[in-house]
Amino acid sequence: MSNWRKWILAARPKTLPAAIVPVAIGGGMAAAMDVFKVLPWCVCLVFALLIQTGTNFANDYYDFLKGADDERRIGPDRAVASGWISPEDMKWGMIATFAVAFLVGSSLILWGGWWLLLVGILSILCGVAYTGGPYPLGYNGWGDVFVFIFFGWIATGFTYYVQSGTFAFLTQCGFSTFWIWAAGAVPGALAGNLLVVNNVRDEPLDREVGKRTLVVRFGRQFGLLEYGIMSALALVVPILFALVLGYKGCFLVLLCLPLVIRANRKLANARSRDAYESILAQTAVLLIIVGGLFALGLIWN
């Protein structure tokens with residue numbers, strides 16, 4: 001395997017839509033307000049992709065150190081555990097990726113002010129703390145919350161903010177921040193479902209190594225219920241935009257309803273490695289399609 005291919009696989013391409021979709025939705029909301037700006041939007045996209053990649057590298061590195069990626073795991077092969085990349089190289093790859101993310105994200109102060117540096121630093125710290133540090137979030141049941149907040153509310157809200165200069169969205173009753181929070185819930189819920197698939201799949205080994213995900217704490221059925229609720233939330237929010245705010249194009253997300261139902265059924269029946277890889281890919285596709293149709297519905301009204 002070539003060196004570049006090893007690093008590409010370590011970046012976990014199937015998870016990268018979690019970074020792309022909230023930025024697309026934030027851009028769609030800005031376009032709906034006629035304040036879309038190409039350059040800050042592109043910076044947000046690159047920053048989000050680098051944070052996602054750095055977090056994946058950190059996860060690969062720290063999970064290996066904690067024994068969560070050994071030969072008993074039925075999920076996709078991990079770079080360090082498989083011997084493709086040494087732990088030391090992965091550590092420096094993580095550091096380099098987060099450093100570049102910080103440099104790229106720092107340019108957003110031109111549109112949002114110096115305080116955005118704090119957001120960038122917090123994003124990096126949480127990316128490391130997801131599986132590293134004295135209190136790893138993913139090992140203590142906070143992984144789902146982290147993903148929802150950072151790849152939902154923060155990525156969507158700040159993408160909108162650096163273009164509009166506000167966290168408020170214009171409605172018939174005036175400006176409201178509620179709709180920014182609501183819009184961010186769509187990618188947050190669907191990105192969280194990528195994590196739910198992993199947690200349901202890895203529950204036996206996670207329990208053994210002390211990784212106390214929500215699925216480990218409350219059981220497989222809880223994970224299936226969480227996946228279903230997050231799927232429903234991702235469809236309900238665009239429908240609210242259509243019914244309440246008049247963005248009729250957001251009804252397009254209803255085209256995804258059969259796919260959502262099928263994904264929930266497949267996860268409930270999944271037991272093998274191939275089955276979990278299939279549902280993970282399908283969940284990533286749902287994130288792209290639902291998020292893309294939502295963003296399109298905001299623009300095409």
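The values are calculated or read from the model by the stated rules, or taken from the named source; none is laboratory data. None of these values were measured; they are calculated from a predicted model. Because the Cβ atoms are built from the backbone with ideal geometry, glycine has one as well, and the counts that use them run over all protein chains shown. Note: areas computed on protein heavy atoms with side chains; ligands, DNA, RNA excluded. Shrake-Rupley method; radii C 1.70, N 1.55, O 1.52, S 1.80 Å.
Please compute the net charge surrounding Ala284, taking Lys and Arg as +1 and Asp and Glu as -1 over other residues with Cβ under 14 Å from its Cβ.
That sum, taken over residues with Cβ under 14 Å, equals +2.
Please report the spacing between the Cα centers of the stretch 98-150 and the stretch 224-260 in Å, no decimals.
Using only Cα atoms, the two centres lie 28 Å from each other.
Ignoring ligands, DNA and RNA, what accessible area per residue does the stretch 121-256 give at 1.4 Å, in Å²?
Ligands and nucleic acids excluded, the figure is 39 Å² per residue.
Could you check which residue among Tyr160, Tyr135, Tyr276 shows the biggest mean-square fluctuation in a GNM of the chain with a 10 Å Cα cutoff?
The residue that fluctuates most here is Tyr135.
Using a 1.4 Å probe on the protein heavy atoms, what percent of the accessible area of the stretch 1-110 belongs to carbon and sulfur?
About 67 percent, which is the carbon plus sulfur part of the accessible surface.
Between Phe102, Phe150, Phe218, find the one with the highest GNM mean-square fluctuation for the chain; connect C-alpha pairs within less than 10 Å.
Phe218
Hey, any idea what Rg/Rh is for the stretch 210-301, computing Rh the Kirkwood way over Cα pairs?
1.06
Is the shape of the chain rounded, prolate or oblate, going by the alpha carbon gyration tensor and its root eigenvalues a ≥ b ≥ c, with a/c under 1.5 for rounded and a/b larger than b/c for prolate?
The shape class here is oblate.
How much of the pair distance distribution for the stretch 1-147 lies past 29 Å, counting alpha-carbon pairs only, in percent?
Tail fraction, whole percent: 20.
Under 10 Å, Cα contacts only: if you run a Gaussian network model on the chain, which one of Leu243, Leu252, Leu224 comes out with the highest mean-square fluctuation?
Leu243
How large is log10 of I(q)/I(0) for the stretch 81-150 at q = 0.12, 0.15, 0.28 Å⁻¹ when the intensity is taken from the Debye formula with one equal scatterer per alpha-carbon?
Values, matching the q order: -0.41, -0.62, -1.16.
Note the full-extension length gain between Ile229 and Trp4 as 0.36 nm times their separation in residues minus their Cα-Cα distance, in nm to one decimal.
Difference between extended and current length: 77.2 nm.
Give me the percent of accessible area attributable to carbon and sulfur for the stretch 182-239, probe 1.4 angstrom.
65 percent
State whether the stretch 1-59 is rounded, prolate or oblate according to the following rule on the C-alpha gyration tensor (a ≥ b ≥ c being the square roots of its eigenvalues): a/c under 1.5 gives rounded; otherwise a/b larger than b/c gives prolate, and the remaining case gives oblate.
prolate
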